[in-house]
Structures are given as C-alpha cells and as structure tokens.
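Accompanying notes for the structure given below.
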Amino acid sequence: MSRPPTPVPVADDPLARERSHLAGSRAALRAMREDAESLDIKDVTANWVNAEVLARQIGERIKSLADLSDTPLFFGRLDYLHSPGADRAEGAEGERPRPEAADQKLYIGRRHVHDHDGDPMVIDWRAPVSQPFYRASKKDPMDVGLRRRFGYTRGEITAYEDEHLSDPAEAAATSKLLQQEIERPRVGPMRDIVATIQPEQDEIVRSGLGGTVCVQGGPGTGKTAVGLHRVAFLLYAHRERLARTGTLVIGPNRSFLHYIEQVLPALGELTVKQATVDDLVAAGLEVRGTDDAAAAVLKGDARMAKVLKRAVYAHVTMPTEPVMVVRGSRRWRVPAYEIEEIVRELLDRGIRYGAAREALPQRIAHAVLVQMERSGEAPDDRVQDAVARNAAVKAAVKAIWPPVDPAKLVLRLLTDGDFLAVHAEGILDEDEQKTILWAKPVRSVKSAKWSAADAVLIDEATDIVERTHSLGHVVLDEAQDLSPMQYRAVGRRCSTGSATVLGDLAQGTTPWATRSWDEALAHLGKSDGVIEELTAGFRVPTDVITYASRLLPHIAPGLTPVASVRENPGFFDLREISGPAEVVAACEELLRNEGSTGLIAADARVPELAAALTAAGIGYLAPGEETTAETRLTLVPASLAKGLEYDYVVLDEPQAVVDGEPDERTGLRRLYVALTRAVSGLIVTHSAPLPTALAG
C-alpha cells in the first residue's frame, strides 16, 4: 500500500525511518568517496607507469562513487525470512548481508554502499542476493517475507508499497508504484529504469556471458532497458574479463545514443563505449555519398562478401620462376613447384590474406633451411629470419602475394565493369552488377564520394586482409534495420565474444530490413543464439497500441501483438484538420499536461510545421536535445523517431509518413514506429485520407 508522509516521530513512522536510512546511505556514500579521494599512492608504486595506472583506477573509483541527487540511491527493500548467506550475496565489492540477522533487511539500489564497519547499507541490484526483488512472486516467494518498493520525487522518498510474498492471506496485486514509475512524466534525461525491470526481462538480463541472446519485442516491451541492464550486469559479474576484452553498445543514430547514455550511470556503469554501425566501419573514411534504394540493398546483400573475397584472393598468382637465395659463397635454389605447393597450402588453410602473405616469406625461408641442414649446416631461427628478409625472397612474395588496399579494391569493383564482372560471375547477374556500378569514373580513394554501404564493403574487405579485433560483448539495439553486410560487420566485432541483439521485426524501416531473427543471427555469425520474445507492453497505453496494431498484418504477419499491461488506457484521439494551425493547437493542448510532448511528422513536412510553431511563439527542440521545464516540445522527423519516447505525441499526416519511404511496406513500418512513441496520450491529425491499413 502507498502511504503519504506524516509528521510523526521516526520511531513510529516507517516512511520517516526509510528517509533516515536514505540520508544515512548518502552520508556513507560520501564517506566512501572521501576515503577514495584521500588515498596517497606516493609510497605504494614502484614506477611512474604503475602510478599512472593506479591513479586512473582511483579516478574511476571516485567518479563511480558520485551521488546522483535526482536518482534514487535505492528503490526497494527485501526482508528475507532467513539470512541468505554470504556465499549468495557476495558481489563485485564484497556485498554481504549480516549473517547473524534472521530477518535480513536488504536495500536494493543502483550501487553498493557500506558503512564505516563495512556492513552493507545498499546492495547493488546486480548482486545475486538482489535477484528476488525482480523475480520473487506469491507463487515462488524465494524466501522473501516482504518486498517494499519506494516512490520518489526528485530523489526523495515520498511513498512506499509492500508485498507480503510469504503471506497466503494477501492476494497478488499489480504494483501501483510500478505503474506510476512507468507513467511518470518525462522531463530532463531519460528516467532511471532499473526499478521497473520485470521477471521475464530479468531472466534475460542475468543470462550468462558465453551465449548470444536475441530479444524480439514490440514497442514499449523494454528491449532497450533489457540491453542496458544486461551490459551493466555483465560488467559487474565479469568485470575483469570484460575489462580486458571490452564491451560496446551499438545504436541506430547519435540522437538515440545520447538518449540512452544518460541511463547507464543510474545502472552503476559510467564507461560503456557506444557507437553506431557507421562509426564502426567508417574509421578514417569520409562518407559523403548516398545510394538509391536498389543499390543500397544490393551492396548490403551477403553475396557481396563472396565477391570481395574472390577479388582479394585473385591477386595471388602462382610462381613460374624459382627463388635463388645467395648467402656468402653459397646459392640456394627453391624451385617454382615447391613454392607453388607452399602457396596452395596457405590458400587451403583459409587464413586471412595478410596473415598468409606474412607467412609466405617464412615458409620459403624454411625450405632454404631444410636444404642447408641437408648440406651439413646447422642454421637457427636468426638465419631463417635473415633469409625471409632476403631481397630475392621479398621480390618473389611481392609478385606472388602482393599487398591489397581494401579501399582501392572496392573502388575498382564499383568503377571497373570488367573487373566486377570477373569476380561477380555466378554471384550477381548483369543487371545487379550495373545497379552497383558508379556512373562516373573516380580518380582516387580520397576523391570518391563513399556511401555508408560502401564503407561496409571496405570494412569487409579489410577483414579479409586482416582480422578485425573482437570484443568480449556487444549490445546491438534496433537491429532489425541492419543489412546482412552490416550484421557481418558487427559480428566481426564479437567473433570471439557474445552479443545481445535487440529489435522488433515490425519496426524495420529500411528496404533491407531483417526478415527473420534466425537469418540475422546467421549473418552475425551467432547461429546458436537464443531468441526470446517480449510481448508485455509497459510503455504504450492500451488504446494507442491497439490502434497501431492494426498495421501488424500488413508489416509483420504472424508477429504476436503487444499486450499492454497498463491499467490506464491512455488518451487517444483521431482528428481531421484543415491546416498546420490545428496541429499547433493540438500541441498546445497536450503541453498543458505535465511532461514532454513530441510532434512527429514526415521529414518533408518538418520545415512547414517548424515555421508554424515559431509563428505561434512555441519553442521546440530537436531529437536528442534535453527537455527542460521551459521547453517540453520536440519536433521529430519520422525518420528519427525510432527508440524515442514522449509523454504525449501529436502525429501529423500518417499518409505523408508512409509516402516518405521508398515502398508502402517500409512506409507502414515507419508509421507503426511513429504511432507507438507515446506513454500517456496520442493525437493523430490528418487532412489527407488515412492509409487503408489503418481503417477499421
């Protein structure tokens, strides 16, 4: 039950006691930070390198101990019936309950906090002992007598709600505070979401590091929350390993990355790297060009990997002359047939082009050493290295296995029709080859107007030549929009690690959008990945998701519709209008409510609506800019709406959103995205007829 604060003595008022514990926890966190700041490392480091490393680690520790004043330090409490035991509770910072306590009370929060005696005041949400906060139920209480949730306003406790999980007389009920937290107005950075994770989501979050997980989830099912919690949990549970191998969160665009990066500190992580796919593949390459849809689809086709591999290895030519190595007064001859055997063996091994090229001189030198040994000499490794650097050997390697510049190779494929025809034979037909060929010749790599799809081709060619560095774990959000070649690019970044793939097939808004998750995982190189589906909707109100789901049979037949678990049906209105003034009026109406408002429109209509808002004296933001109390309206081009959320949304001209895409199916998917950005209410305005798919 939720209770307002009452001015009674702390001893008799549970809410006052909880506020006192919060104040004490914050004081303990300050003390932990002060202890870290006071550390003197002058006498504990052997050299300046160790000093630098230790100083950096202490700096990171100090940063992690910051008290985020507007973020709850703890959001829940577990009262165990029996002490859970130190072996169950230990975490990254030695979290442990007091073993002598029979009715163990543990406060669950964003990070570990202990008092001056080392006893925990707040347990990290990622610790094993915190798991029942998310998973315990009346059916399986997990030895929890009481679960308490706290309501907060600007970081201060304002209410609490109890569930007596082990009491058979108390019926299971939906958490009112959880509903309020989900529906809480959004002003400022993206909200702390750690308190809202549900049991089915928590199971995915805490799954092991070794396996790849793919999460299919409709709008508002918490895909992004699961991904961010998962990377935070893995960094907690496998910190040393991932510190060596690295982690990365990949999002669809910079606005989206800015939007989610504000959540990670509230999850206990400060240094998770983030990037878009374009960031990964365009290192050192300026992307200035664009492709039409047909060319982009073909360049993103997995068949292009075969074309590129053929083109790279076509540089290898079999030797026709022997190699003569002169050392002092002796001459050593390696016949052409023997060198050809070496070359064929390297090709059969399937190692990277560059690695094989580096191995070739050593293999030729080894053949020379065999001859030396047969003649009675006793050469060692230094002799072999010297022979490998011999001018005759280097000349032979250059002729047989020349270096390949990936960008120059891709440029030649895209500009030389004959070269492309040779290497695409049996893979791409003539019309497909013409589709990807550039119309005008290009002088050099630097002067070329590379497109984003071209950059992926260069990245693929680079990996054929030299292996891409693999990270320990990659989280890939909005994955449904990636092409097969983009999946391959991401897969290279976790070839020896694992991945968390997040997406919704119904929200695929590129011409090459993913058709199935099995296919996507195969391109990623993770065919053994587990596919999980989230169908419970926490963000989008019932009336809004019901209306948007009319599109599912047209954009993703067979996909399970999202079922909203919200008790509040939300606000939904469909309005036929005569012009932009009425769109502005709808925005003004929604801005009377508390929280953020998004005006989403087809990209082509954004300038007209911007002018109308300015004329009406209404300030607005661009996607990714942080809302404030003074400016709570964001003008969002439909192409950038994915992944964003607002308390209230005005969606302008659905048919224009559909018409802004290259085909109807992609347009309807874009419309589905735009329709599902609202948390509390949606107004759809239109003067043109609505898309047929929305009729009913």
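Within this structure, Y620 fails the test of being at pLDDT below 95, of a type in the set (F, W, Y) and out of contact with any Phe, Trp or Tyr (no Cβ under 7 Å at 6 or more places or on another chain). Restricting the first member to segment 414-433 and to residues that are closer than 20 Å to A455 by Cβ and open to solvent by less than 40 Å² (accessible area, probe 1.4 Å), and the second to residues that are outside any loop (DSSP other than H, G, I, E, B) and among the acidic types (D, E), the beta-carbon pairs closer than 8 Å and six or more apart or on different chains are L414/D454; A424/E432. Among the residues of segment 300-332, those that are modelled with pLDDT under 95 and either closer than 27 Å to V490 by Cβ or loosely packed, with under 13 Cβ neighbours inside 10 Å (or both) comprise T320, E321, V326, G328, S329, R330, R331. Would you confirm whether any residue within segment 437-454 is without any contact (Cβ under 8 Å) to a residue 60 or more places away in the chain and touching a Gly at 6+ places or on another chain (Cβ under 7 Å)? Scanning segment 437-454, I find at least one residue that is without any contact (Cβ under 8 Å) to a residue 60 or more places away in the chain and touching a Gly at 6+ places or on another chain (Cβ under 7 Å), so the answer is yes. For segment 28-46, the set of residues classified as at pLDDT 70 or above and over 17 Å from I108 (Cα atoms) consists of R30, A31, M32, R33, E34, D35, A36, E37, S38, L39, D40, I41, listed by residue number.
Results for (1) modelled with pLDDT of 90 or more; (2) closer than 19 Å to H229 by Cα; (3) out of contact with any Pro (no Cβ under 7 Å at 6 or more places or on another chain); (4) of a type in the set (V, I, T), shown as yes or no for each residue.
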site	(1), (2), (3), (4)
K63	no, no, yes, no
P72	no, yes, yes, no
F75	no, yes, yes, no
E93	no, yes, yes, no
R96	no, no, no, no
A101	no, no, yes, no
I123	yes, yes, yes, yes
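Of the numbered criteria (1) surrounded by fewer than 22 Cβ atoms within 10 Å (Cβ to Cβ); (2) in a helix (DSSP H, G or I), the one A674 fails is (1). The set of residues from segment 134-175 being part of a loop (DSSP other than H, G, I, E, B), more than 20 Å from L81 (Cβ to Cβ) and either touching a residue at least 12 places away in the same chain (Cβ under 8 Å) or in contact with a helix residue (DSSP H, G or I) (Cβ under 7 Å, 6 or more places away or on another chain) (or both) comprises R154, G155, T174, S175.
Taking V530, is it out of contact with any Asp or Glu (no Cβ under 9 Å at 6 or more places or on another chain), open to solvent by less than 20 Å² (accessible area, probe 1.4 Å), touching a residue at least 24 places away in the same chain (Cβ under 8 Å) and farther than 22 Å from P219 by Cβ?
No: the conditions fail for V530.
For segment 577-617, filtered to residues that are under 35 Å from the mean Cα position of the chain (by Cα) and hydroxyl-bearing (S, T, Y), the residue that is modelled with the highest pLDDT is T597.
Restricting V679, V684 to residues that are open to solvent by less than 20 Å² (accessible area, probe 1.4 Å), over 22 Å from T221 (Cα atoms), in contact (Cβ under 8 Å) with a residue 60 or more places away in the chain and in contact with a Phe, Trp or Tyr (Cβ under 9 Å, 6 or more places away or on another chain) narrows the list to V684. The residue of segment 558-580 that is surrounded by the most Cβ atoms within 10 Å (Cβ to Cβ), among those that are touching an Asp or Glu at 6+ places or on another chain (Cβ under 6 Å) and assigned to a loop (DSSP other than H, G, I, E, B), is G570. Residues in segment 273-299 that are farther than 14 Å from M485 by Cβ and in a loop (DSSP other than H, G, I, E, B): A283, G284, L285, E286, R288, G289, T290, D292. Does A275 qualify as being within 30 Å of the chain's Cα centre (by Cα), at pLDDT 95 or above, under 30 Å from R412 (Cα atoms) and not basic (K, R)? Against the criterion (within 30 Å of the chain's Cα centre (by Cα), at pLDDT 95 or above, under 30 Å from R412 (Cα atoms) and not basic (K, R)), A275 does not qualify. The residues of segment 230-269 that are farther than 15 Å from A479 by Cα, under 11 Å from the mean Cα position of the chain (by Cα) and at pLDDT 80 or above, listed by number, are R230, V231, T247. Residues that are without any contact (Cβ under 8 Å) to a residue 60 or more places away in the chain and not small (G, A, S) within segment 216-237 comprise H229, L235, listed in sequence order. Residue check: is K434 at pLDDT 95 or above and basic (K, R)? When the stated conditions are applied, K434 passes them.
Out of curiosity, is A455 in a helix (DSSP H, G or I), under 30 Å from I531 (Cα atoms), among the small types (G, A, S) and modelled with pLDDT of 95 or more? Considered against the rule, which asks whether it is in a helix (DSSP H, G or I), under 30 Å from I531 (Cα atoms), among the small types (G, A, S) and modelled with pLDDT of 95 or more, A455 comes out as yes. Checking the stated criteria, V501 turns out to be open to solvent by less than 10 Å² (accessible area, probe 1.4 Å) and closer than 25 Å to L242 by Cβ.
Tallying residues that are β-branched (V, I, T), exposed (fewer than 15 other Cβ atoms within 10 Å of the Cβ) and touching a residue at least 24 places away in the same chain (Cβ under 8 Å) within segment 338-360 yields 0.
From V501, V490, grab the single residue that is closer than 17 Å to S527 by Cβ, of a type in the set (V, I, T) and not in a helix (DSSP H, G or I).
Of V501, V490, the one residue that is closer than 17 Å to S527 by Cβ, of a type in the set (V, I, T) and not in a helix (DSSP H, G or I) is V501.
So, in segment 631-667, of the ones that are modelled with pLDDT of 90 or more and in a loop (DSSP other than H, G, I, E, B), which residue ends up farthest from T692 (Cα to Cα)? Of everything passing the filter in segment 631-667, T631 is farthest from T692 (Cα to Cα). Of everything listed in (1) under 13 Å from the mean Cα position of the chain (by Cα); (2) buried (at least 21 other Cβ atoms within 10 Å of the Cβ); (3) modelled with pLDDT of 90 or more; (4) of a type in the set (G, A, S), the single unmet condition for G217 is (1).
Here segment 113-126 is the region considered, the condition is being surrounded by fewer than 23 Cβ atoms within 10 Å (Cβ to Cβ) and free of Cβ contacts under 8 Å to residues at least 60 places away in the same chain, and the residue that is farthest from the chain's Cα centre (by Cα) is D117. Restricted to segment 222-261, the set of helices (runs of 4 or more DSSP H) holding at least 1 residues that are closer than 24 Å to R566 by Cβ comprises 223-237, 254-261. If you go through segment 393-407 one residue at a time, do you hit one that is farther than 22 Å from V281 by Cβ, open to solvent by 40 Å² or more (accessible area, probe 1.4 Å) and at pLDDT below 95? No, that holds for no residue.
The values are calculated or read from the model by the stated rules, or taken from the named source; none is laboratory data. Nothing here was measured: the structure is a model prediction, and the numbers come from that model. Cβ: placed from backbone, ideal geometry, glycine included. Neighbour counts: every protein chain shown. Areas reflect the complete protein model, heavy atoms only, side chains present, ligands, DNA and RNA absent. Shrake-Rupley method; radii C 1.70, N 1.55, O 1.52, S 1.80 Å.
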